[in-house]
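K.L.:
Take this structure, written in structure tokens, and hold onto it; I'll ask about it next.
The values are calculated or read from the model by the stated rules, or taken from the named source; none is laboratory data. This structure is a prediction, so every number in the text was calculated from the model and none was measured. Cβ atoms come from the backbone with ideal geometry, glycine included; neighbour counts cover every protein chain shown.
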Amino acid sequence: MVLLRRVRYLVTAPPNGPILHAATYLRRSAGWGRARKFSQFTHAVEAQLAVSLGALAYSLQRRWIGRDAWTLSLWSNRKSMMSFLGAGIHREAASWQKAEGRNDGRFVDWEAPTPTLSFTDAYPHLGISAPRGRVLVAPIPIPPGWRDVPR
């Protein structure tokens, strides 16, 4: 089993102080048409996230072949995160996922004194076990301010 992961840094360094972490697990509906729509939503939600106030960084992970996907995002505050969740294409994507009958996803957020972009830290918060397989991470330069943050 192969997992694909990518990380994006939206600020040059995480702020000092507590960081809000938000993690999701999604399982999309079967079928190529739904896979294509899920992928379109993923790219559009990433674009929305990239310009969202308070968003610091995020990591996306999915099975190369399969229907499972995970997200982990870091936020400067809860108000910014809630604004993102209820607006724009993210709101539309969440509605589509529910309309597809996919109510088995999970979402959790927690505050921690230091940031982490490690899914190993997120799985226990989600209440799920880590998927098995090899993780392939898309290469991207790591800003100096993020080099000590677990990934």
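K.L.:
Regarding residue 128, is this residue touching a strand residue (DSSP E or B) at 6+ places or on another chain (Cβ under 9 Å), more than 18 Å from residue 6 (Cβ to Cβ) and in contact (Cβ under 8 Å) with a residue 60 or more places away in the chain?
P.N.:
In short, yes.
K.L.:
For region 101-122, name all the residues that are part of a helix (DSSP H, G or I) and either at pLDDT 95 or above or under 16 Å from residue 57 (Cα atoms) (or both).
P.N.:
Hits for region 101-122 are 119, 121, 122.
K.L.:
Of the numbered conditions (1) within 28 Å of residue 141 (Cβ to Cβ); (2) under 13 Å from the mean Cα position of the chain (by Cα); (3) touching a residue at least 12 places away in the same chain (Cβ under 8 Å), residue 43 fails exactly one; give the number of that condition.
P.N.:
It is condition (3) that residue 43 fails.
K.L.:
Now for a separate question. Are any of the residues in region 13-21 in a helix (DSSP H, G or I) and of a type in the set (Val, Ile, Thr)?
P.N.:
no
K.L.:
Has region 78-88 got any residue that is closer than 25 Å to residue 29 by Cβ, in a loop (DSSP other than H, G, I, E, B) and within 17 Å of the chain's Cα centre (by Cα)?
P.N.:
Yes, region 78-88 contains a residue that is closer than 25 Å to residue 29 by Cβ, in a loop (DSSP other than H, G, I, E, B) and within 17 Å of the chain's Cα centre (by Cα).
K.L.:
Can I ask one more? From (1) modelled with pLDDT of 90 or more; (2) in a loop (DSSP other than H, G, I, E, B); (3) aliphatic (A, V, I, L, M); (4) touching a strand residue (DSSP E or B) at 6+ places or on another chain (Cβ under 8 Å), pick out the condition that doesn't hold for residue 65.
P.N.:
The one condition residue 65 does not meet is (1).
K.L.:
List the pairs whose first member sits in region 62-82 and is more than 25 Å from residue 14 (Cα to Cα) and in contact (Cβ under 8 Å) with a residue 40 or more places away in the chain, whose second member is β-branched (Val, Ile, Thr) and not in a helix (DSSP H, G or I), and whose Cβ atoms are under 6 Å apart, counting only residues at least 6 apart or on separate chains?
P.N.:
64/2
K.L.:
What number goes with the only condition from (1) modelled with pLDDT under 90; (2) in contact with a Gly (Cβ under 7 Å, 6 or more places away or on another chain) that residue 80 does not pass?
P.N.:
Only one criterion in (1) modelled with pLDDT under 90; (2) in contact with a Gly (Cβ under 7 Å, 6 or more places away or on another chain) is unmet by residue 80, namely (1).
K.L.:
Here's another thing I want to ask about it. Does region 6-57 hold any residues that are farther than 14 Å from residue 71 by Cα, touching a Lys or Arg at 6+ places or on another chain (Cβ under 7 Å) and among the basic types (Lys, Arg), and which are they?
P.N.:
The one that is farther than 14 Å from residue 71 by Cα, touching a Lys or Arg at 6+ places or on another chain (Cβ under 7 Å) and among the basic types (Lys, Arg): 34.
K.L.:
Anything in region 22-57 that is of a type in the set (Lys, Arg) and either in a loop (DSSP other than H, G, I, E, B) or at pLDDT 85 or above (or both)? List them, or say none.
P.N.:
Correct list: 28 only.
K.L.:
If you don't mind, another one. Using the structure shown, decide if residue 4 is in contact with a Phe, Trp or Tyr (Cβ under 6 Å, 6 or more places away or on another chain), touching a residue at least 12 places away in the same chain (Cβ under 8 Å) and not in a helix (DSSP H, G or I).
P.N.:
It is true that residue 4 is in contact with a Phe, Trp or Tyr (Cβ under 6 Å, 6 or more places away or on another chain), touching a residue at least 12 places away in the same chain (Cβ under 8 Å) and not in a helix (DSSP H, G or I).
K.L.:
Applying the selection to region 61-83, what residues are of a type in the set (A, V, I, L, M, F, W, C), touching a Leu at 6+ places or on another chain (Cβ under 8 Å) and surrounded by 13 or more Cβ atoms within 10 Å (Cβ to Cβ)?
P.N.:
Of everything in region 61-83, those that are of a type in the set (A, V, I, L, M, F, W, C), touching a Leu at 6+ places or on another chain (Cβ under 8 Å) and surrounded by 13 or more Cβ atoms within 10 Å (Cβ to Cβ) turn out to be 69, 70, 72, 74, 75, 81.
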